[in-house]
Every structure is written in C-alpha cells, then in structure tokens.
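Below you'll find the structure, written out as structure tokens, and then a few comments.
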Amino acid sequence: MDTQAASEAAPSRNASERRRVLGSSAWLTVPGTFAILAGGYAAMPPLDGAGDAAGRIVLAVRWLLVAFLPYAAVCLHILYQRFAEGAHNPLAHTATENLQIHCRVMQNTLEQLVWFAICILALATWLSPAQARFIPVACVFFAFARLVYWWGYLRNGTLGRGPAVQMTFTLNVSLMLGAIVQSVRGMMG
C-alpha cells in the first residue's frame with residue numbers, strides 16, 4: 001500500500017477501534033512512566049547548587065535545554081527537508097506527506113514543551129534541595145518521550161504516536177498537579 005492509499009485508509013478507522021488501539025498501550029505506558037521517573041530519581045545523586053529556590057530555577061532552566069533538544073532537532077530537520085524538496089513556501093502546499101508529519105511533530109512538541117517548561121519551573125520553586133534531582137530526570141524523560149513521539153508518528157502514523165502521547169501527558173499532568181498542589185499549600189500557610 002503506498003503512502004497516499006495509507007493516508008486515505010487511516011480516517012476510515014472508526015472511533016471505537018482507535019480508542020481500543022490507543023487504550024491498549026496505556027496500561028503499560030502510564031505506570032511505566034511513573035516507574036522510569038521513580039527509578040531515575042532514585043538513581044540520581046543529590047545536586048549541588050539547589051539549596052534555595054533561585055538555585056533550583058537556574059537548575060531547571062539549564063536542564064530545559066535538554067528538554068528543548070527534540071524540538072530543535074525537528075526544526076532543523078524541517079529546515080533541511082524544505083530546502084531539499086524545494087518546499088520553501090508553506091502556503092504553496094507543496095510539502096510532501098512526510099514533511100507535513102514533521103511539521104505536526106514540531107507543533108505538538110512546542111505545545112508540550114511550553115506546558116512542561118512552565119510546570120517544571122513552577123515546581124522548582126517548591127522542591128526541597130534533595131528533591132531537586134527530579135528536575136534533570138524529568139527533562140531527560142521529556143526529551144525521550146518526544147523523540148519516541150516523532151519516531152512513532154513517522155513509523156505508524158497517528159496511532160504510532162499514542163504511547164509517547166501517553167508518556168508526555170502522564171509527565172505533564174503530574175507536573176501540573178504537583179505545581180498546583182504545592183502552590184495551594186504555599187498560599188494556605
């Protein structure tokens with residue numbers, strides 16, 4: 001089946017079948033995300049320079065560069081692919097399906113990176129010095145999940161990105177809830 005036929009066949013899957021496919025990996029990816037994060041946290045030694053909130057924010061900003069790498073990689077890939085294909089004007093709609101996938105990966109990775117960065121920076125202000133070692137673990141895991149997303153999307157289309165979406169959302173929702181809980185505790189007393 002060529003890519004044109006594959007892209008036309010994909011929308012024909014009904015919603016219940018898509019939910020079944022996506023739900024079949026959640027039982028592994030959600031607890032697996034927590035297990036990997038916990039294992040990374042347990043293995044990470046205490047970090048220097050994380051004694052106060054300012055030090056933890058600096059630590060988070062520095063480690064956010066690692067979380068940013070998948071976004072930079074897909075942007076550079078799109079730059080090269082647009083040049084190689086002669087698809088310099090996105091409004092001309094001359095991009096190949098492959099290039100369109102890379103553009104979707106770029107957009108989604110940016111959206112998830114903004115969510116992640118805001119939450120990890122907010123959480124950094126509330127973590128104890130000993131807990132600050134979670135920051136690099138989360139940043140490395142985020143980068144890993146986004147690379148899996150990119151690979152899965154290219155390999156198996158929209159359904160191939162499912163496990164990485166689950167990993168990213170598990171991380172981002174957990175960070176958001178943690179930051180909200182800590183902020184409410186801080187406001188209460």
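Some points to look at:
- Picking from residues in the stretch 32-64 that are under 20 Å from LEU110 (Cα atoms) and touching a residue at least 24 places away in the same chain (Cβ under 8 Å), the one that is surrounded by the most Cβ atoms within 10 Å (Cβ to Cβ) is ALA60.
- If you filter the stretch 72-98 down to residues that are buried (at least 18 other Cβ atoms within 10 Å of the Cβ) and assigned to a helix (DSSP H, G or I), you find that the one that is farthest from the chain's Cα centre (by Cα) is ARG82.
- Condition met for GLY51 (among the small types (Gly, Ala, Ser), at pLDDT below 95 and in a loop (DSSP other than H, G, I, E, B)): yes
- Candidates PRO46, PRO11 - the one that is in a helix (DSSP H, G or I) and at pLDDT below 95: PRO11
- Selection over the stretch 14-43 of residues that are in a loop (DSSP other than H, G, I, E, B) and under 30 Å from ALA130 (Cα atoms) gives a count of 0.
- Index of the failed condition, PHE144 passing every other in (1) under 23 Å from LEU64 (Cα atoms); (2) at pLDDT below 95: (2)
- Restricting the stretch 16-31 to residues that are free of Cβ contacts under 8 Å to residues at least 40 places away in the same chain and of a type outside the set (A, V, I, L, M, F, W, C), the residue that is nearest to PHE116 (Cα to Cα) is PRO31.
- Check on VAL140, free of Cβ contacts under 8 Å to residues at least 24 places away in the same chain and within 11 Å of the chain's Cα centre (by Cα): no
- Close pairs (7 angstrom Cβ cut-off, 6 or more residues apart or separate chains): within 14 Å of LEU147 (Cα to Cα) in the stretch 98-115, assigned to a helix (DSSP H, G or I) and among the small types (Gly, Ala, Ser) anywhere: LEU113/ALA67
The values are calculated or read from the model by the stated rules, or taken from the named source; none is laboratory data. Please read all numbers here as calculations on a predicted model, not as lab measurements. Please note: Cβ atoms are built from the backbone with ideal geometry, for glycine as well, and neighbour counts cover all protein chains shown.
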